[in-house]
Amino acid sequence: MMIDHFYWALLALSLGLLLSQTLVYQKRAVHLVFALFSGSIAMVATRHLTADSLGPYQHLIALGTCATCNGYWLVSRALFRRDKAISIYHVLFASSVAILVVSSESLSFAEARFQLSLQSFDTAHSSMDSLLNLLSSSMLVLTVWEGCKGFKKANTRERAQRLVFLGSFGGALMGCMLLNSFETLRPWLMIFSAFEILIITQALILWRFHGNTIASWLNLKTANEAPPENDVSGEESAPAHSDPSLLNAIEHALHHEKIYLQTHLKLVDFAQRLQVPEYRVSRALRQHFNARNFNQYINELRIQHATQLLQNPKHDHWPMLTVGLESGFASAAPFTRAFKAMHGCTPLEFKKHQIDDLKWVKS
């Protein structure tokens, strides 16, 4: 049948996207839940391809289809929410749908394999299907809501991303609802909706979370024309591209939110936060913040913070490791090196000098 070819293509696409999420170096929650969703879609395609040959055992394969609408709801949350996108409560809510799917398919397998026709089985099956339809519909509505929530406060780029999301998901949902009565069109609608959602979602993940890397690659020529991060001599010849909004965003993030206290903060993460290419952040730091490079400037801010902690008598009982960790360093070694490079002595020596100076003043 012609439709089987499309199911094979859907299986290949979903498995390919599942594998691609596992290859992402810096995985986020959205990569994990999208991998789960892609795997569930792969199981949907597998069930249709093997239904005739496996008979009742197709319901065992259908157990893996338990993360479709609920899985995509988690994807939508991880895609657009910045803080606490997925908590244990969201996982439990999504798991309730998965449990109902597994239970329903298990009953269907038992009925088909052992030819059971007990009234209690029929009642339980009917009740689970009704509850499953209710929860699945709720998941679909919540998914649309995730695309709408925060739309007015979003910037132009995020609004475009949300419109693409709502257009693809909402279009697929409305198409299935309006044409659901046509039996011959239903499988085709399911296939093309799955294709659309998988492809658009992967594109949105790349756009939203890897857009700065892609933009930096596309602007490689521009970035190469700018002086390297560690080349201070090239600043005078570099064009003074001042973007007040970018400078204000950098100033607010570093000096008000103090995100330099986050351990393992990288340029790509900082640029992603500001939603600008990495080379623009580097250029702004060089030209307007007198920084040689991003890491050096972040370490300077961390050492300034650590110095304030060491000068505060309230923290006299803190070990040097605690001071370093509280200042954003991952361990004692890089903290000591950076501190000595800036002050000419180790944090412990600095603290001893502070204590000696205080004793001298009191005497």
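Condition check for Leu325 on (1) surrounded by 19 or more Cβ atoms within 10 Å (Cβ to Cβ); (2) aliphatic (A, V, I, L, M); (3) in a helix (DSSP H, G or I): one failure, at (1).
A count restricted to region 328-363 and to residues that are modelled with pLDDT of 85 or more and not in a helix (DSSP H, G or I) stands at 6. Whether a residue is in the same structural domain as Arg47 (by TED's automatic domain parsing), more than 30 Å from Ala203 (Cβ to Cβ), at pLDDT 90 or above and in a helix (DSSP H, G or I) was assessed, and Val102 passes this test. Of all the numbered requirements in (1) closer than 19 Å to Pro277 by Cα; (2) at pLDDT below 70; (3) not in a helix (DSSP H, G or I), Asn180 misses one, and that requirement is (1).
So, Ile41, is that one assigned by TED's automatic domain parsing to the domain that holds Trp188 and over 24 Å from Ala172 (Cα atoms) or not? Answer is no for this residue.
Of the candidates Ile88, Ile41, Ile99, Ile61, the single residue that is touching a Cys at 6+ places or on another chain (Cβ under 9 Å) and among the aliphatic types (A, V, I, L, M) is Ile99. Tell me which of these Gln296 doesn't satisfy, since it passes every other one: (1) of a type outside the set (A, V, I, L, M, F, W, C); (2) closer than 28 Å to Leu246 by Cα; (3) touching a helix residue (DSSP H, G or I) at 6+ places or on another chain (Cβ under 6 Å). Of the numbered conditions (1) of a type outside the set (A, V, I, L, M, F, W, C); (2) closer than 28 Å to Leu246 by Cα; (3) touching a helix residue (DSSP H, G or I) at 6+ places or on another chain (Cβ under 6 Å), the odd one out for Gln296 is (3). Scan region 251-270 for residues that are closer than 27 Å to Ala332 by Cα and either in a helix (DSSP H, G or I) or hydrophobic (A, V, I, L, M, F, W, C) (or both) and the total you get is 11.
Anything in region 145-168 that is surrounded by 14 or more Cβ atoms within 10 Å (Cβ to Cβ) and in contact (Cβ under 8 Å) with a residue 40 or more places away in the chain? List them, or say none. Passing the criteria: Glu146, Gly147, Lys149, Gly150, Glu158, Gln161, Arg162, Val164, Phe165.
Do we find that Val91 is assigned by TED's automatic domain parsing to the domain that holds Thr143, without any contact (Cβ under 8 Å) to a residue 24 or more places away in the chain and in contact with a His (Cβ under 6 Å, 6 or more places away or on another chain) in this structure? Here the answer is no, as Val91 does not meet what is asked.
Note on region 14-96: enclosed helices (runs of 4 or more DSSP H) holding 2 or more residues that are over 30 Å from Arg159 (Cα atoms) are 29-54, 58-61. All conditions in (1) touching a helix residue (DSSP H, G or I) at 6+ places or on another chain (Cβ under 8 Å); (2) of a type in the set (Phe, Trp, Tyr); (3) closer than 19 Å to Val75 by Cα hold for Tyr25, with the sole exception of (1).
One residue alone among Ala284, Ala253 is surrounded by fewer than 17 Cβ atoms within 10 Å (Cβ to Cβ), small (Gly, Ala, Ser), modelled with pLDDT of 85 or more and in contact with a helix residue (DSSP H, G or I) (Cβ under 7 Å, 6 or more places away or on another chain), and that residue is Ala253. For Ala29, the stated conditions hold: it is surrounded by fewer than 20 Cβ atoms within 10 Å (Cβ to Cβ) and out of contact with any Gly (no Cβ under 6 Å at 6 or more places or on another chain).
The values are calculated or read from the model by the stated rules, or taken from the named source; none is laboratory data. On a predicted model such as this, the values are computed, not experimentally measured, just so you know. Cβ coordinates were reconstructed from backbone atoms using ideal geometry, including for glycine residues, and neighbour counts include every protein chain displayed.
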